[in-house]
Amino acid sequence: MPRRMRLVAYLKTGPTANHAGGWRHPAASLDDIFDPARYEQTARLLEQACFDAAFFADTVGVPDIYKGSYATYLKLGGQISYLDPMAVLPMMMRVTRHLGLGATLSTSFHHPHHLARILGSMDILSGGRMAWNVVTSATDFEARNFGGDGIPPKEQRYDRGDEVLEACCALWDGWDADAFVMDRAAGIFIDPSKVRYANYDGRHVSSRGPLSVPRSPQGRPVLMQAGSSPRGREFATRWAELIFSTPAGREDAQAYYADIRARLAAAGREAEGCAILPATAVVLGETQSIAEDRAAYLESLINPELVVAANSNTIGLDLSQDRPQPVPGSHQGIQGSRERVAARAQQEGISFAEAAKKPRRLLVGTAESVADQMEDWFSSGACDGFVLWPTHSPGMFEDFCRMVVPVLQKRGLVQKNYAEGTLREKLNN
């Protein structure tokens with residue numbers, strides 16, 4: 001079977017997603033961010049275009065690393081979850097049949113029993129379409145919302161993450177698929193021999209079980225991850241079925257792709273069981289010049305200070321300082337974000353601080369030229385598909401689905417129809 005490109009949408013319960021000025025665009029919808037219809041329509045749009053899945057990126061708090069305050073981030077419209085995605089996803093499930101739906105949930109702050117229960121429930125209600133974007137979290141402001149003094153060291157976070165996933169799997173595997181008997185005449189509802197204790201006891205977490213939620217159609221949600229550090233890549237190699245990355249360019253993406261593929265092989269995993277998807281956004285036009293004008297207009301909407309504030313959050317440093325230094329004892333920051341900024345600094349011959357002031361790069365062009373760039377990455381060992389984040393919502397997704405998807409479908413690169421089955425079965429089809 002020919003290899004096909006995976007498409008996953010990056011969503012937020014708010015109007016900003018990575019692009020610091022997108023919410024100011026005239027086509028950005030602002031008055032409906034608390035209206036269920038917004039999220040239902042997005043789900044319908046993506047399913048009509050045969051996207052494999054959509055997931056909500058999430059951070060459990062309001063960033064206050066930049067200048068030690070949340071004022072800039074809130075005032076200028078930074079990327080925030082204004083609603084808990086777990087409250088929004090059921091609405092999207094009700095209006096779709098095939099689209100995979102994912103949530104970002106942290107192993108650092110949630111107990112495995114809670115995670116297994118809510119994710120197992122959602123997987124049942126969606127008919128086996130749930131995905132879990134597994135994060136260990138990377139900021140002190142999140143840790144403090146859960147009673148901690150700060151985020152633990154990376155190694156400790158990933159060690160706990162391994163245990164949380166082991167415990168979740170033990171809980172999910174505590175039910176056989178045929179445990180329900182429902183024999184009215186015999187008076188037997190469940191065969192108790194097909195339900196087991198988890199009895200998971202680790203250094204960081206423990207859970208006895210059994211889970212009250214029965215086995216879901218997939219057995220467990222599809223697992224997503226975005227590890228960039230050596231320990232993060234080790235974690236992704238063990239658990240991830242979808243990896244989304246944030247490379248600085250094509251060569252960076254190829255190096256990451258090759259490294260993960262080598263790690264999968266060393267771990268005895270089939271490469272086909274783990275798709276690597278770099279994150280990107282597009283700006284489209286009927287001609288190249290129109291697309292470039294639209295990109296320039298988008299850039300004109302950016303307040304440069306918000307770019308610095310957003311990068312302060314992901315890098316884990318207050319970049320308002322002339323020479324930003326890590327807070328003593330702090331373990332904040334996402335290595336992939338640091339590497340992306342550092343790579344851009346090297347590529348453009350500028351300082352790290354200057355690179356941190358630049359907005360993220362976009363794919364700019366006609367439907368054909370953007371499809372060309374995507375196909376080039378896909379065919380050159382840089383990726384297995386893409387995570388698409390919106391410059392502005394819902395306009396970018398509408399443009400991409402209307403203009404680019406048909407080109408990719410005509411080239412046989414993405415699916416025209418959904419296969420039957422669970423999300424995992426669809427992804428492996």
Here is a list of conditions, (1) in contact with a Leu (Cβ under 8 Å, 6 or more places away or on another chain); (2) surrounded by fewer than 23 Cβ atoms within 10 Å (Cβ to Cβ), and Asn145 meets all of them except one; can you say which number that is? (1)
Quick check: anything in the range 372-379 of a type outside the set (Asp, Glu) and in contact with a Cys (Cβ under 9 Å, 6 or more places away or on another chain)? yes
For residues that are of a type in the set (S, T, N, Q) and part of a helix (DSSP H, G or I), scanning just the range 371-409, find the one that is nearest to Leu301 (Cα to Cα). Gln373
Matching residues in the range 416-429 - criterion: being in a loop (DSSP other than H, G, I, E, B) and either surrounded by 21 or more Cβ atoms within 10 Å (Cβ to Cβ) or touching a Ser or Thr at 6+ places or on another chain (Cβ under 9 Å) (or both): Thr422
Can you spot a residue in the range 6-29 that is free of Cβ contacts under 8 Å to residues at least 12 places away in the same chain and surrounded by fewer than 20 Cβ atoms within 10 Å (Cβ to Cβ)? yes
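If you scan the range 198-254, which residues turn out to be in a strand (DSSP E or B) and either touching a residue at least 40 places away in the same chain (Cβ under 8 Å) or among the β-branched types (Val, Ile, Thr) (or both)?
Tyr200, Ser207, Val222, Leu223, Met224, Gln225, Leu242, Ile243, Phe244, Ser245, listed by residue number.
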Give me the pairs, please: first residue somewhere in the range 335-358 and farther than 19 Å from Arg231 by Cα, second residue anywhere and among the basic types (Lys, Arg) and in a helix (DSSP H, G or I), beta-carbon distance under 6 Å, and either six or more positions apart or on two chains. Ala355/Arg344
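Read the figures in this text as sums done on the coordinates, not as results from a lab. Source: prediction; values computed, not measured. Glycine also receives a Cβ, built like all others from the backbone with ideal geometry; neighbour counts cover every protein chain displayed.
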